[in-house]
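Have a look at the structure below before the remarks.
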Amino acid sequence: MSEAQLQTNAAGHLSIGGYDAVTLATEFQTPLVVYDVAKIRQQIRDFKQVFNEENINYAVSYASKAFATIAMYQVVAQEGAHIDVVSGGELYTAMQADFPMADVSFHGNNKAYAELEMAVDAQVGAIIVDNFDELAMLTTILAAKDTRVNVMLRLTPGISAHTHEYDQTGQTDSKFGFDIESGQARQALDFVLANDRFQMRGIHAHIGSQIFEVTGFVAAAEKLVATIVEWRDAIGYEPEVINVGGGFGIRYTTDDDPIPASDFVKAIIQAVKQATATNHLAMPAIWIEPGRSIVGEAGYSLYTVGTRKVVPDLLPYINVDGGMGDNIRPALYQAKYEAILANNPQAPTTRKVRISGKYCESGDILVYEQDMPAVQTGDIIALLATGAYGYSMASNYNRNPRPAVVFIENGAAKVVVERETYADLVRLDRSYL
Ligand SMILES: Cc1ncc(COP(=O)(O)O)c(C=O)c1O
């Protein structure tokens with residue numbers, strides 16, 4: 001684990017943003033999702049700084065699927081970043097946070113008619129259009145409402161970054177975007193340019209997630225510029241924005257060795273600068289859509305140890321009071337996390353253990369194998385770097401309430417999502433009698 005993730009206080013407990021993790025567990029109960037807000041702000045600022053230093057027209061658009069709550073949208077707005085939303089629900093949440101709608105991009109491969117209407121009514125900054133059916137729906141909506149909308153086209157650049165299979169979305173055989181090679185992208189462009197209710201702003205590609213190398217981004221940026229060159233040469237059209245998506249890798253465990261997020265941005269800027277200069281194109285604005293890299297390492301999940309199961313010659317199971325309901329990533333795609341004993345992070349490790357959840361699935365394992373100190377019932381375990389795609393994918397499986405979410409900043413803790421109650425669980429149920 002990195003120094004930044006492991007800070008201990010005078011009591012010898014894990015400290016999260018200056019707040020004692022054991023105190024957090026006592027005050028707010030477990031399982032608990034905790035964010036160190038300073039880290040969120042710093043990540044956004046680091047991205048922005050590179051663009052500012054390079055004097056590039058840009059937008060850092062937080063991919064809010066990673067963690068979408070009113071408080072999070074408020075922090076992003078305070079930092080002057082944009083957001084991506086991928087559903088009416090995320091858009092609604094952003095509206096409740098008074099997020100500036102001009103800084104919202106609406107993504108998704110299957111936006112419903114009602115969601116598109118909602119986005120048009122809200123006058124979002126851009127609808128990132130994914131397919132021809134969506135273009136047809138938008139045409140109808142814009143005519144019916146006698147209005148216009150900014151659009152960008154999501155393209156499939158035929159590039160997939162080297163990462164886990166399920167996370168690859170940039171390859172040609174993808175449910176996302178207009179394919180460049182077969183000419184669909186150009187067809188979509190012609191469609192959009194022929195209707196002045198569409199204000200065509202730019203092109204987009206997202207090549208994958210948890211990426212550790214700049215090469216995929218450089219290739220995608222070059223491909224997007226090459227596409228612009230083709231369009232310029234064919235019909236004299238040049239989009240004003242190149243959006244290279246998100247996917248910047250983070251450190252989940254000591255096995256991960258990510259490069260600084262800013263290095264990705266530097267490489268992307270250089271690639272776009274070079275390719276546009278070579279082809280005598282105006283420098284476009286560059287947009288990025290980091291999700292995981294903004295919230296991942298800022299998040300911690302706190303659990304209380306309940307029962308344990310020790311079997312001779314096998315790894316002992318340490319059962320905690322959460323699991324796949326608050327973090328399905330290990331069960332879903334074998335995501336790796338690192339756990340620490342929050343009430344004594346410096347204790348020497350004694351043996352390898354498996355940390356398992358309380359859900360009725362054998363696959364409900366949070367950490368498959370890790371060295372840990374001796375762990376007792378009642379100990380507090382912190383899982384590190386759980387801020388992305390944990391709470392946002394949480395479920396009520398087994399009718400377990402979802403945890404509370406607490407933001408820590410300047411040594412103060414604030415509940416930003418209440419813990420669900422049993423009453424919440426049956427709120428939408430209706431009697432059949
Ligand atoms: C279009 C798009 N942009 C951005 C992201 C964010 O990716 P990450 O959280 O890995 O940065 C995703 C993730 O799925 C995405 O699909």
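The aspartates and glutamates within cross-link reach of K309, meaning a Cα-to-Cα straight distance under 19 Å and a gap of 8 or more places when in the same chain, are D321, E361, D364, E369, D371, D379. Computed packing ranks the peptides 283-293, 175-185 as 283-293, 175-185, most packed first, by mean other Cβ atoms within 10 Å. Could you tell me whether the stretch 333-413 comes out rounded, prolate or oblate from its Cα gyration tensor? Rule is a ≥ b ≥ c as square roots of the eigenvalues, rounded for a/c under 1.5, then prolate if a/b exceeds b/c, otherwise oblate. In terms of gyration-tensor shape, oblate. Taking 0.36 nm per residue of separation and subtracting the Cα-Cα distance, full extension of the segment from R430 to T8 would add 147.1 nm. Comparing A59, A38, A126 in a Gaussian network model of the chain, where Cα atoms under 10 Å apart are tied by springs, the biggest mean-square fluctuation is seen for A38. Taking the longest Cα principal axis of the chain as reference, the axis of helix 37-53 is set at about 30 degrees. For K223, the aspartates and glutamates whose Cα falls under 16 Å of its own Cα, not counting residues fewer than eight places away in the same chain, are D179, E181, D233, E238, E240. Here the convex hull built on the C-alpha positions of the chain has a volume of 157 cubic angstrom per residue. For F132 and D173, a Förster radius of 22 Å and the Cβ-Cβ distance give a FRET efficiency of 0.80, rounded to the nearest 0.05. With neighbour counts taken as other beta-carbon atoms within 10 Å, the residues F248, F47, F28 rank, fewest first, as F28, F47, F248. Shape class of the stretch 74-216 from the Cα gyration tensor (axes a ≥ b ≥ c, square roots of the eigenvalues): oblate, since a/c reaches 1.5 or more and a/b does not exceed b/c. Rounded to the nearest whole Hz, the Karplus-based 3J(HN,Hα) values (6.51 cos²θ - 1.76 cosθ + 1.60, θ = phi - 60°) of the stretch 185-200 follow the sequence 4, 5, 4, 5, 4, 4, 4, 5, 5, 7, 10, 6, 6, 8, 9, 6, with x at glycine and proline. Using the Cβ of E27 as centre and a radius below 13 Å, the other residues enclosed give a net charge of +1, where K and R count +1 and D and E count -1.
Along the axis of the charge dipole computed for the stretch 38-292 (Cβ charges of +1 for Lys and Arg, -1 for Asp and Glu, origin at the Cα centre), the listed residues G125, G80, V214 are led at the positive end by G80. Using the Cβ of V406 as centre and a radius below 15 Å, the other residues enclosed give a net charge of -3, where K and R count +1 and D and E count -1. With θ taken as phi - 60° and the Karplus curve 6.51 cos²θ - 1.76 cosθ + 1.60 applied, the whole-hertz 3J(HN,Hα) list for the stretch 390-407 is x, 4, 5, 9, 5, 9, 9, 3, 6, 6, 9, x, 6, x, 7, 10, 10, 9 Hz, x standing for glycine and proline.
Neighbour counts of other Cβ atoms within 10 Å put E54, E115, E369, E409 in the fewest-to-most order E369, E54, E409, E115. Estimated from helices alone, the mean residue ellipticity of the chain at 222 nm is -9000 deg cm²/dmol (sum of -39500 (n - 2.57) over DSSP H runs with n ≥ 4, per residue). In terms of its C-alpha gyration tensor, the stretch 286-433 comes out oblate, because a/c is 1.5 or above while a/b does not outweigh b/c. Given points 7 Å out from each Cα along the Cα-Cβ axis, report the A38 to N55 separation in nanometres with one decimal. Reported label-point gap for A38 and N55 is 3.4 nm. Please tell me which of these pairs span more than 30 angstrom C-alpha to C-alpha: K145/K273; K336/K414; K111/K266; K39/K266; K266/K336? Violating the 30 Å limit, Cα to Cα: K145/K273; K111/K266. Summary of the geometry: the stretch 172-222 and the stretch 237-299, compared by the centres of their Cα atoms, lie 15 Å apart.
Between the stretch 10-25 and the stretch 412-426, the C-alpha centres lie 21 angstrom from each other. Between the amide H of A63 and those of D84, G291, distances stay under 5 Å, these residues lying 5 or more places away or on another chain, with hydrogens modeled in the peptide plane. Phi angles of the stretch 59-66 translate, via the Karplus equation with coefficients 6.51, -1.76, 1.60 and θ = phi - 60°, into HN-Hα couplings of 9, 9, 10, 5, 6, 6, 4, 5 Hz per residue; Gly and Pro are given as x.
The antiparallel fraction among DSSP beta bridges confined to the chain stands at about 45%. Each 10 Å bin from zero up to the one holding the largest Cα-Cα distance in the stretch 38-292 carries the following percent of pairs: 7, 32, 38, 20, 2, 0. Dipole check for the chain: with +1 at the C-beta of Lys and Arg, -1 at the C-beta of Asp and Glu, and the Cα centre as origin, the magnitude is about 600 Debye.
Where a number appears in this text, it was derived from the coordinates with a stated rule and is not lab data. Treat the numbers as computed from the prediction; the structure is a model and nothing was measured. Quick reminder, even Gly has a Cβ in these numbers, built from the backbone with ideal geometry, and neighbours come from all protein chains shown.
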